[in-house]
Amino acid sequence: MSYAIIGFGQIGQALAKAFARSGIEVSVATTRDPESFASAAAAIGPDIIPKTLAEAVKADTVFLAVRYESHRDVANALPTWKGKIIIDVTNTYGVSPEELGGRPSSKLVAQAFTGGRLVKGFNHLAAAVLDQDPAVQGGRRVVFLTSDDESAAASVAALAERLGFSPINLGKLDEGGALVHARDKIWGPLIFQDLFKKAPSAM
């Protein structure tokens with residue numbers, strides 16, 4: 001399984017650090033030449049590989065860590081995303097309900113990534129929190145996942161555990177997913193909630 005992070009701002013770099021802590025190789029890309037952020041990637045660790053956008057989107061699982069408004073630019077990098085898992089880390093605070101047609105933003109993102117299997121996740125934590133080691137307070141930091149594809153959600157949950165997080169599946173995008181979607185200038189109720197799940201006590 002290969003992984004890529006598209007977007008290398010604060011969120012993208014926080015995700016890259018999670019991969020580095022776990023010793024898992026991940027490609028990172030933006031619309032810029034990879035040489036422009038190669039030193040920042042190297043500072044995180046040797047498993048963080050700068051690539052062009054065209055190269056990075058060949059990965060099996062792709063984190064979409066760009067502004068919501070830029071998601072179509074990434075989607076257009078491939079004619080079809082069939083079989084690939086897209087983890088939607090975008091947020092739509094301030095985007096008008098009319099633009100979204102009354103739907104969760106991830107529904108529109110899923111439409112743009114033709115054939116892809118979309119999971120909304122890792123978007124509820126502020127970059128400064130996501131940047132930290134998730135092993136804290138005798139447990140692991142929670143990440144919420146929501147998807148209309150149960151198999152894709154299970155695959156992302158397994159990856160989240162490898163990265164040291166404790167995944168919680170909220171169900172479908174238009175059900176529990178509403179808790180982690182912003183609408184206009186209202187954040188979803190679970191956005192910015194920094195929760196931990198403690199390991200079961202030994203018997």
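Read-outs: derived from the displayed coordinates by stated rules, not from any lab. Being a predicted model, the structure only gives us computed values, none of them experimental. We place every Cβ from the backbone using ideal geometry, glycine too, and count neighbours over all the protein chains shown.
Kindly indicate the residue of region 136-151 that is in contact with a helix residue (DSSP H, G or I) (Cβ under 9 Å, 6 or more places away or on another chain) and among the aliphatic types (A, V, I, L, M) and also nearest to P104 (Cα to Cα) among those meeting that condition. Only one residue fits best here, namely L145.
Do we find a residue being touching a residue at least 60 places away in the same chain (Cβ under 8 Å) and more than 23 Å from D148 (Cα to Cα) anywhere in region 87-102? Yes, there is a match, as at least one residue in region 87-102 is touching a residue at least 60 places away in the same chain (Cβ under 8 Å) and more than 23 Å from D148 (Cα to Cα). In the set (1) under 16 Å from L118 (Cα atoms); (2) touching a strand residue (DSSP E or B) at 6+ places or on another chain (Cβ under 8 Å), L78 fails one condition alone, (2).
Filtering region 36-60 to residues that are surrounded by fewer than 14 Cβ atoms within 10 Å (Cβ to Cβ) and over 18 Å from the mean Cα position of the chain (by Cα) leaves S36, S39, A42, A43, P46, A54. Yes or no: region 171-182 includes at least one residue that is touching a residue at least 24 places away in the same chain (Cβ under 8 Å) and more than 15 Å from R103 (Cα to Cα). Looking through region 171-182, at least one residue is touching a residue at least 24 places away in the same chain (Cβ under 8 Å) and more than 15 Å from R103 (Cα to Cα).
Can you tell me which residue within region 141-160, out of those that are without any contact (Cβ under 8 Å) to a residue 60 or more places away in the chain and under 13 Å from the mean Cα position of the chain (by Cα), is surrounded by the fewest Cβ atoms within 10 Å (Cβ to Cβ)? By that ranking, first place goes to A157.
Yes or no: region 17-24 includes at least one residue that is under 14 Å from the mean Cα position of the chain (by Cα) and over 29 Å from G115 (Cβ atoms). Looking for residues that are under 14 Å from the mean Cα position of the chain (by Cα) and over 29 Å from G115 (Cβ atoms), one finds at least one in region 17-24, hence yes.
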